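Below you'll find the structure, written out as structure tokens, and then a few comments.
Bear in mind these aren't lab numbers, they're just calculated from the coordinates by the rules spelled out. The structure displayed is predicted, hence computed values, not measured ones. No Cβ is skipped: glycine too gets one built from the backbone with ideal geometry, and neighbour counts run over all protein chains shown.
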Amino acid sequence: MPVPSVPLVAIVGRPNVGKSTLFNRLLGKRVAIEAQEPGTTRDRIAMPLLLEGHRVILVDTGGLLSHTATTLETLVREQALAAIREAHVVVFVTDASTGLHPEDHAIADLLRRSGKPVVLVVNKAEGPGRALQVGEFYALGLGDPLPVSALQDRGIGELRERIASLLPQAPEARPEGEPVAKLAIVGRPNVGKSSLLNALLGEERAIVSPEPGTTRDALDTPATYKGMRLLLIDTAGIRRRGRIEPGVEQFAVLRALQAIERCDVAILVLDALEAVTAQDAHIAGYVLDAYKGIVVAVNKWDLARREGAKEGPALEAVRTGLHFIPYAPVLFVSALTGEGVPTLLEASLEVWRERQKRVPQQDLNRLLAEAVARHLPSHKGKPLHIYSLRQEGINPPTFVFTVNDPEAVHFSYQRYLANALREAFGFTGTPLRLLFKARARKRERVQSP
């Protein structure tokens, strides 16, 4: 049975209404380019987001115009329309500072015809004067307009709640027979992902072609290995933002990101005939951001070895190019000959098992005492105190540290603690999610008169 896709939330609107600012505000970081110049965002930008407990992919789009005069405007419009077709929820952004615009009416008509759930946002509603202008947007016929200020972080909490209320509900229970371990095969175009899927399955199940980009959608293939139910997800190749061609390749990127979001372990396929590229690192970054397990498969190793490649230097090059995931297993394989493929599957399942691991509390207590004894930093002259450590969840392994001041935990110290956990307990191939929470203050007793 297919695993439900991660919902897509698309932000649309005419040019220069603040879509990218809102996109960045929802993400909590600056990803999209913000500028006063209309049309700055030309391609869709997609990023994973945890929204009120829901995992979604947030999609930013360029300005949507009903009439396009240039080729660029036409391409931007096509991308925005594609985002609407793919979306589970559409956030329609308008502008309180300019008021209701004829293009807003055109977009509203388009959204009604799409049948998609819509949240109508009136951005730039700073101050009482502009807040009063919100009423005119009822004329769009898309329900209650929500005044926000993406720039000043106003109304964003209510916006998150409205979006979450429209998202499809996840199934409450796992259907019988659903695969247990979900493995996604990801990588740049033409590195041999579909060939590797066929080698893993031992049959021709995916279309294989030397033409880059043959696979345009994520293909779900149930399988069984040594009594364990699997779901193998083949995906279209991901390119770096800015190198993504308009049209059908945009769908491929979004669906590949969805595959990463819903898998347990991603098999990142590299081309042994090429050095580790920036695109390879970019894809690994997507996997890391989603806290998914990762195994690196260096494909076409038979051809590289024929050209004189040696495993030692090749491994060092991969480790250097992907230095931020030193815990990931690296295997040299050939989808063509089958070399290393069984070992790759075993390694992927081992990473999956590592993601299910629970550490006994007494072992965590001992680790914390030892780690603090070796190194405990301070922040702005204030010492950091760590009172307790517990494991909150699995898949990904999640650990909660109770501290006196969460802001005092520097990134480098977080990495130190993660390395201490790995050194003691393994967790091969999977990122660790570390949470730092302040200790609740004891309530002062109220004396009776």
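Length gain on complete extension for the stretch His375 to His105, per 0.36 nm per residue less the alpha carbon to alpha carbon distance?
Details: separation 270, 0.36 × 270 = 97.20 nm, distance 6.06 nm.
So the chain would gain 91.1 nm between His375 and His105.
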- [ ] In whole Å, largest first, what are the principal axis extents of the Cα atoms in region 367-417?
- [x] 36, 21, 18
- [ ] Starting from the Cα of Leu27, step 7 Å along the direction of its Cβ; do the same at Ser114; then give the gap between the two resulting points in nm.
- [x] 1.9 nm
- [ ] Please work out whether region 58-103 counts as rounded, prolate or oblate from its C-alpha gyration tensor, where a ≥ b ≥ c are the square roots of the eigenvalues and a/c under 1.5 means rounded, while otherwise a/b larger than b/c means prolate and anything else oblate?
- [x] oblate
Open item on the list: Students often check this: by mean Cβ neighbours within 10 Å, which of 372-378, 335-341, 411-417 ranks highest, and how do the rest follow?
Closed with: 335-341, 411-417, 372-378
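Please go through the residue pairs Lys116/Lys437; Lys116/Lys292; Lys226/Lys310; Lys382/Lys437; Lys124/Lys380 and name each one whose alpha carbons sit more than 27 Å apart in this structure.
Exceeds cut-off: Lys116/Lys437; Lys116/Lys292; Lys226/Lys310; Lys124/Lys380.
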Task: Sorted peptide list for 397-410, 256-269, 358-371, criterion being average Cβ within 10 angstrom, highest first - done: 256-269, 397-410, 358-371
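If you take every DSSP beta bridge fully contained in region 8-166, what fraction is antiparallel? Give it as a percent rounded to 5. Write out the running numbers ahead of the final one.
On the way: 8 of 24 bridges.
Approximately 35 percent, going by the DSSP bridge assignments.
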Task: FRET efficiency estimate (nearest 0.05) - Cβ-Cβ, Leu303 to Tyr387, R0 60 angstrom - done: 0.65
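Which value does Rg/Rh take for region 338-449 over its C-alpha atoms, Rh per Kirkwood?
Numbers: Rg = 18.2 Å, Rh = 16.0 Å.
In region 338-449, Rg relative to Rh is 1.14.
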Task: Label point at Arg366 placed 7 Å out along Cα→Cβ; residues across region 403-421 whose backbone nitrogen lies under 15 Å - done: 421
Task: Rough spin-label spacing in nm, given labels placed 7 Å along Cα→Cβ, for Ala438 and Thr277 - done: 4.7 nm
Open item on the list: With 10 angstrom as the radius, rank Thr277, Thr61 by how many other C-beta atoms surround their C-beta, starting from the fewest.
Closed with: Thr277, Thr61
- [ ] Provide, as a two-decimal number, the C-alpha radius of gyration of region 8-166 over 2.2 N^0.38 Å, N being how many residues it has.
- [x] 0.94
TODO: Please give the peptides 190-198, 222-230 ranked by average Cβ packing (other Cβ atoms within 10 Å per residue), highest first, as a rough proxy for protection.
DONE: 190-198, 222-230
Task: Inter-label distance, nm, simple model (7 Å from Cα along the C-beta direction), Arg85/Leu201 - done: 2.5 nm
